[in-house]
1. crowded, with 18+ Cβ neighbours inside 10 Å and aliphatic (A, V, I, L, M): does that describe residue A:14?
2. Being in contact with a helix residue (DSSP H, G or I) (Cβ under 7 Å, 6 or more places away or on another chain), small (Gly, Ala, Ser) and either within 14 Å of chain B (Cβ to nearest Cβ) or surrounded by fewer than 17 Cβ atoms within 10 Å (Cβ to Cβ) (or both) is the filter here; which residues of the range A:74-127 pass it?
3. Of the residues that make up the range B:130-141, is at least one of a type outside the set (Lys, Arg), within 22 Å of residue B:89 (Cβ to Cβ) and at the interface with chain A (Cβ under 9 Å from one of its Cβ atoms)?
4. Condition test on residue A:103, is it closer than 28 Å to residue A:9 by Cβ and of a type outside the set (Val, Ile, Thr)?
5. So, in the range B:184-207, of the ones that are touching a residue at least 12 places away in the same chain (Cβ under 8 Å) and exposed (fewer than 12 other Cβ atoms within 10 Å of the Cβ), which residue ends up nearest to the other protein chains (Cβ to nearest Cβ)?
6. Scan the range A:1-23 for residues that are out of contact with any helix residue (DSSP H, G or I) (no Cβ under 7 Å at 6 or more places or on another chain) and of a type in the set (S, T, N, Q) and jot them down.
7. What are the residues in the range B:150-206 that are more than 18 Å from residue B:83 (Cα to Cα), in a loop (DSSP other than H, G, I, E, B) and modelled with pLDDT of 90 or more, if any?
8. Any idea which of A:6, A:21 is at pLDDT below 95, of a type outside the set (A, V, I, L, M, F, W, C) and surrounded by 15 or more Cβ atoms within 10 Å (Cβ to Cβ)?
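The values are calculated or read from the model by the stated rules, or taken from the named source; none is laboratory data. None of the values given here were measured: they were computed from a predicted structure. All Cβ positions, glycine included, derive from the backbone under ideal geometry; neighbour counts span all protein chains shown.
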There are 2 protein chains.
Amino acid sequence: MSTRERILKASLDLFNEKGERNVTTNHIAAHLGISPGNLYYHFRNKADIVYEIFLRYRAMVEDYLKVPEGKPVSLENQFTYLELVFDGLWAYRFFHRDLEHFLEADPRLRNEYRDFTAHCLNVIERIIEGIALADVIRPLDDAQRATFALNTWLVVTNWMSFLKTARGDSDTAIDREALQQGIYQVVSLQIPFVNPPFLEETIRRQQAYQPQVSFPPVMQARG
Amino acid sequence: MSTRERILKASLDLFNEKGERNVTTNHIAAHLGISPGNLYYHFRNKADIVYEIFLRYRAMVEDYLKVPEGKPVSLENQFTYLELVFDGLWAYRFFHRDLEHFLEADPRLRNEYRDFTAHCLNVIERIIEGIALADVIRPLDDAQRATFALNTWLVVTNWMSFLKTARGDSDTAIDREALQQGIYQVVSLQIPFVNPPFLEETIRRQQAYQPQVSFPPVMQARG
């Protein structure tokens, strides 16, 4: 692996583990046993590393979500897309956490992230259209589809943060399984639109991701 | 206003405006024209200020959301709750942005925020039960209600971040109106469950929050 690749890999690992805010370029260099000067030869600053990692995240998501337009999407394929997306969120989990800060610090990233969101919303709409073409759900009008896609995006991109803040899980307590429980939550958005012949299969597939723990965790609510 | 109150007010303003990450206790003291020593007399560190602001945020939300259990909730009251909640999000908008960092830095806050989330989810469930008792929506079973409440929470708490990241709005471009467009999105979650006699009124009320701008912003999607 080239030094550049090793820097990116170590940065991603450290950012995911400790949070980008708690990791300096000096930490990254020390972790790799290289000099800060060597690191700066490859990346001017931490924002450059974050940007390069974003490009890889984006390439992966775009590769995962090659959804043809105007073609039916089976339930099986829809769940495959969901699993891939949640795997991607896990692999780059530091990114959505400090997103606002990254975008403020780097106008280039701000613009590209905005386009990336639009692209993802577009693909989600295609999937919704596809499962309607496969008769899984009833057809939706443009406004319904856009709203549904946006709700999906909000649930998907914020699921990790919910696990860490609202459930109080530490990072080590969040595994791939906990993360994929987000799929249960996402699928709940489409249940009301599912056509009767597909309801049983949709619910059966959804249940496979049902939270194993009480959810929210057992506690006394005030008031 | 006491010095303590002035510190809290200035901190909230600066955190909202610049992001907590970009504001030090020295900035806060300088902004108020007091010495850092005077500030430290009232608060040991920035985390203590964040904690005190959280207590006020929580008190406000709990005050806004006094929802009696097992009583019908009218559509009008539901929309009032939504407006109040989005006003609260706006007033304390720095909080959800760096939430993960705050909770990591302060175990006391982590536990209280977890309880606060559970309380809020509980209240959202009560509202859902209330609009079912008022025949606005069809009755939901426990699992459906919990899932619906959680989707509501995810959309509400992440709407601000969506405006700032996915639309690329700068903080100054986000006004109360843009924020309240989140209400449009939240209400879309309940539309599939609305009973026919209430559908027209629900949609009419929802449309009042419809985004005025194209949404997501007009752009070319790749791929």
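1. Considered against the rule, which asks whether it is crowded, with 18+ Cβ neighbours inside 10 Å and aliphatic (A, V, I, L, M), residue A:14 comes out as yes.
2. Of everything in the range A:74-127, just one residue is in contact with a helix residue (DSSP H, G or I) (Cβ under 7 Å, 6 or more places away or on another chain), small (Gly, Ala, Ser) and either within 14 Å of chain B (Cβ to nearest Cβ) or surrounded by fewer than 17 Cβ atoms within 10 Å (Cβ to Cβ) (or both), namely A:105.
3. No, there is no match, as no residue in the range B:130-141 is of a type outside the set (Lys, Arg), within 22 Å of residue B:89 (Cβ to Cβ) and at the interface with chain A (Cβ under 9 Å from one of its Cβ atoms).
4. In short, yes.
5. So the residue we want is B:207.
6. Within the range A:1-23, A:2, A:22 meet the criteria.
7. Within the range B:150-206, just B:195 meets the criteria.
8. A:21
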